[in-house]
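The values are calculated or read from the model by the stated rules, or taken from the named source; none is laboratory data. Being a predicted model, the structure only gives us computed values, none of them experimental. We place every Cβ from the backbone using ideal geometry, glycine too, and count neighbours over all the protein chains shown.
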Amino acid sequence: MDIIPPPETFVIDAARVACDGDERGGDGHPRVWLQIGADGFADCSYCDRRFVLAGGPADRR
């Protein structure tokens, strides 16, 4: 049985972030812009990466 790894989580310093699914510029997805709201995080609808605002309500470092 293969286990699917959890989506990646990135802690960032800006409330607006771009995601293209691949930091290396290879086989990602179309670039989308995400806005972090009052909950302190935003999830990419393409790759499920989670972006958490540093110091916000969802930052549990």
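Number of residues in segment 17-54 that are farther than 21 Å from Pro5 by Cβ, of a type in the set (Gly, Ala, Ser), in contact with a strand residue (DSSP E or B) (Cβ under 9 Å, 6 or more places away or on another chain) and not in a strand (DSSP E or B): the value is 2. Here is the figure for segment 1-13: residues that are part of a loop (DSSP other than H, G, I, E, B) and either surrounded by 14 or more Cβ atoms within 10 Å (Cβ to Cβ) or free of Cβ contacts under 8 Å to residues at least 40 places away in the same chain (or both) total 6. For segment 29-52, how many residues meet the condition of being within 17 Å of Ala14 (Cα to Cα) and acidic (Asp, Glu)? So the answer is 2.
Given the criteria at pLDDT below 95 and touching a strand residue (DSSP E or B) at 6+ places or on another chain (Cβ under 8 Å), does Arg61 qualify? It is true that Arg61 is at pLDDT below 95 and touching a strand residue (DSSP E or B) at 6+ places or on another chain (Cβ under 8 Å).
Of the residues making up segment 1-22, those that are more than 23 Å from Gly55 (Cβ to Cβ), charged (D, E, K, R) and within 12 Å of the chain's Cα centre (by Cα) number 2. The set of residues in segment 14-61 being surrounded by 16 or more Cβ atoms within 10 Å (Cβ to Cβ) and on the phi > 0 side of the Ramachandran plot consists of Gly21, Gly40.
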